[in-house]
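The values are calculated or read from the model by the stated rules, or taken from the named source; none is laboratory data. Please read these numbers as outputs of a predicted model, since none were measured by experiment. With ideal geometry, Cβ positions are generated from the backbone for all residues, glycine too; neighbour counts draw on all protein chains shown. SASA here: full protein model, heavy atoms, side chains in, ligands and nucleic acids out. Shrake-Rupley method; radii C 1.70, N 1.55, O 1.52, S 1.80 Å.
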Amino acid sequence: MGVFEYEKQGSSPNKTCSNPMLMESSSTVLGSKGLIRKHEFVRIIIQCLYSLGYRNSALCLESESGISYKSMDFELLESQLLSGNWDGCIDTLNAIKDLMDETRASALFLIFKQCLLECLNRGDDAMALAVLRKEVSASRLGKDKAQNLAQSILSFKDVQFGEIEDNVVRELRKKLLAELEKLLPPPTMLPERRLEHLVETAVTAQIDSCMYHNTLDAVSLYEDHCCGRVQIPTETVQILKEHKNEVWFVQFSNNGDYLASSSSDCTAIIWQVLQDGKLMLLHTLRSHRNPVSFVAWSPDDTKLLTCGNGEVLKLWDVETGTCKHTFGDDGFIVSSCAWFPDSKRLVCGSSDPEKGIYMWDCDGNEIKAWKGMRMPKILDLAVTPDGENLISIFSDKEIRILNLGTSTERVISEEHPITSLSVSGDSKFFMVNLNSQEIHMWDVAGKWDSPLRYVGHKQHKYVIRSCFGGLNSSFIASGSENSQVYIWKRQDTRPIEVLSGHDKTVNSVSWNPRRPQMLASASDDQTIRIWGPSLSKKNQANKLN
């Protein structure tokens, strides 16, 4: 008996493949393209049956096919481990071919650690030290792992847990076996739930290539996945006419329960989204004396900011519709504003170069300011939802990305004037609308050398705003000077839908973050249109009435 084996037992014979069906299946391929090895395919089916709880079916398939879910190496290792044949475990691990040295060392480390625990549990300190001195040093585990095992001996001795019962030892060995299952790579072991992973990968690829996919519903496996355009908003389901002049901006709340709009009629309106998808006027905000061109929801949706190119910044209570604070005086003109994730701090930018950018709390206390003679006018700004970056548009063609934690900044120069900025909900991307009739999407991290470009809409003279939207923000929407709304799939340069209905320039669009099939658009025709999936003519007429 070797020093590393303390239970008397018969040696486990090596398995040989004598099943002609297994020999045949190991070279047989399946599928029209011959890319799938039959024995691998059957093996992952057996694994799937076990994971789903169909043990008898799995055993039956193993018997009929001659293929085992577990490799012969692992079956031998399992038998040796559960019976405490530690010498056999080491021999088996060392005999496995094509195993990376680091993986083999990690597996051996786990075996040694269990052995040491059991030696100390029996009070056999001499055996534990012998294992550490002879077996561990001979196995080339590396200095760090050897020291870790030595420390394990000391910690086990310090615990003085008393003798562990046999049933606990068996459970510890089963736990070790489960760790080895996850550690050892194919073909010795299969990754967990391999068949589910392969199917999910195939389904995900089909979803990614589906032009209109925009639903959380499970995808059927019975046929190749392909959505129709009914999944995205393409038809007007409601027209909101309460504004008395051009509507310049719309934005849904973060929870999708409200919509805020602003207009050149000097008001902003908070709309409530009802359960049936209809929108109802909740509050009309009347305190501004000049056109309101921008609104921003606090992340917790309890507060709303409003401002305009010729207006001050105001803070409103969403529940009551009352103005809680006005920032600065009448001479402080704010062009854009944004919230930090805590809903307690806000930032605003001014088109007046002397004003620059201010950070305030909700009571109007100045926290920080970026201003001075070298500070250009701010056209638009945004804080990424994770609060890490402040993105601003200045001097018409420059984008500044300021990391608020490190104070490092990166500047991107565009060739044409920028009119607006929009940030994705995951904080990874942002878009800018250019008056060259292009929308550019950049990554916040700065890994891209050039942007993704979207074309098709019309923009020469006015401020046109775009947005991310749909399921997982996989779509982009934008207004246009030709009175239409354009929708792109994020990976496609050309629009997949062009929505008609407005009579004049569409200034702004917003996609409901909780209802991926609801889109709002604001226009110079003094209306807001709510777009939804295509309906029959009869239902459409009922909706508009």
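Within the stretch 244-302, the set of residues being under 28 Å from the mean Cα position of the chain (by Cα), closer than 26 Å to residue 462 by Cα and among the hydroxyl-bearing types (Ser, Thr, Tyr) comprises just one member, 253.
Given the residues 243, 225, 213, which is the only one that is of a type outside the set (Ser, Thr, Tyr), over 30 Å from residue 294 (Cα atoms) and in contact (Cβ under 8 Å) with a residue 40 or more places away in the chain?
None of the other options fit; the residue is 213.
Residues that are among the charged types (D, E, K, R) and surrounded by 15 or more Cβ atoms within 10 Å (Cβ to Cβ) were ranked within the stretch 163-183; the one that is nearest to residue 194 (Cα to Cα) is 181. With respect to (1) at pLDDT 80 or above; (2) surrounded by 10 or more Cβ atoms within 10 Å (Cβ to Cβ), the lone exception for residue 32 is condition (2). Of the residues in the stretch 224-233, at least one is buried (at least 17 other Cβ atoms within 10 Å of the Cβ), within 30 Å of residue 284 (Cβ to Cβ) and over 22 Å from the mean Cα position of the chain (by Cα).
Taking the conditions exactly as written (loosely packed, with under 14 Cβ neighbours inside 10 Å, free of Cβ contacts under 8 Å to residues at least 12 places away in the same chain and within 29 Å of the chain's Cα centre (by Cα)), does residue 407 satisfy them or not? Here the answer is yes, as residue 407 does meet what is asked.
Looking at 300, 329, just one residue is among the acidic types (Asp, Glu) and either buried (at least 17 other Cβ atoms within 10 Å of the Cβ) or within 19 Å of residue 382 (Cα to Cα) (or both), and that residue is 300.
Scanning the stretch 445-477 for residues that are over 15 Å from the mean Cα position of the chain (by Cα) and aliphatic (A, V, I, L, M) gives 445, 452, 455, 463, 464, 476, 477. Take the conditions open to solvent by 60 Å² or more (accessible area, probe 1.4 Å) and either assigned to a strand (DSSP E or B) or within 30 Å of residue 471 (Cα to Cα) (or both) and apply them to residue 380. Does it pass? Considered against the rule, which asks whether it is open to solvent by 60 Å² or more (accessible area, probe 1.4 Å) and either assigned to a strand (DSSP E or B) or within 30 Å of residue 471 (Cα to Cα) (or both), residue 380 comes out as no. Looking only at the stretch 410-434, filter to residues that are under 11 Å from residue 398 (Cβ atoms) and in contact with a Phe, Trp or Tyr (Cβ under 8 Å, 6 or more places away or on another chain); which one of those is surrounded by the most Cβ atoms within 10 Å (Cβ to Cβ)? Selected residue: 432. Can you say whether residue 227 is farther than 20 Å from residue 324 by Cα, among the hydrophobic types (A, V, I, L, M, F, W, C) and touching a Ser or Thr at 6+ places or on another chain (Cβ under 8 Å), as far as the supplied structure shows? Spelling it out, residue 227 is indeed farther than 20 Å from residue 324 by Cα, among the hydrophobic types (A, V, I, L, M, F, W, C) and touching a Ser or Thr at 6+ places or on another chain (Cβ under 8 Å).
Output the residue which, of all residues in the stretch 383-397 that are farther than 18 Å from residue 358 by Cβ and either at pLDDT 95 or above or in contact with a Gly (Cβ under 8 Å, 6 or more places away or on another chain) (or both), is surrounded by the most Cβ atoms within 10 Å (Cβ to Cβ). Per the stated criteria, the residue is 384.
Taken over the stretch 198-239, the criterion of being among the hydrophobic types (A, V, I, L, M, F, W, C), in contact with a Lys or Arg (Cβ under 8 Å, 6 or more places away or on another chain) and not in a loop (DSSP other than H, G, I, E, B) is satisfied by 237, 239. Sub-6 Å Cβ pairs linking a first residue in the stretch 283-305 that is farther than 16 Å from residue 335 by Cα to a second residue that is open to solvent by 40 Å² or more (accessible area, probe 1.4 Å) and part of a strand (DSSP E or B), at least 6 apart or interchain, are 287/323, ordered by first then second residue.
Only a single criterion out of (1) within 23 Å of residue 264 (Cβ to Cβ); (2) modelled with pLDDT of 95 or more; (3) surrounded by fewer than 22 Cβ atoms within 10 Å (Cβ to Cβ) is not satisfied by residue 305, namely (3). The helices (runs of 4 or more DSSP H) found entirely in the stretch 61-130 that carry 1 or more residues being charged (D, E, K, R), under 41 Å from the mean Cα position of the chain (by Cα) and surrounded by fewer than 18 Cβ atoms within 10 Å (Cβ to Cβ) are 72-83, 101-121. Residues in the stretch 466-501 that are more than 18 Å from residue 513 (Cα to Cα) and polar (S, T, N, Q): 480, 482, 483, 484, 491, 493, 500.
The strands (runs of 3 or more DSSP E) located wholly in the stretch 439-545 that include 1 or more residues which are in contact (Cβ under 8 Å) with a residue 60 or more places away in the chain and either under 21 Å from residue 294 (Cα atoms) or open to solvent by 40 Å² or more (accessible area, probe 1.4 Å) (or both) occupy 506-511, 519-523, 528-532. In summary, residue 250 fulfils each of the numbered conditions (1) in contact with a Leu (Cβ under 7 Å, 6 or more places away or on another chain); (2) at positive phi with the single exception of condition (2). Yes or no: residue 384 touching a residue at least 60 places away in the same chain (Cβ under 8 Å) and either among the polar types (S, T, N, Q) or closer than 23 Å to residue 518 by Cβ (or both)? Criteria met by residue 384. Within the stretch 237-294, the set of residues being β-branched (Val, Ile, Thr) and open to solvent by 20 Å² or more (accessible area, probe 1.4 Å) comprises 237, 239, 284.
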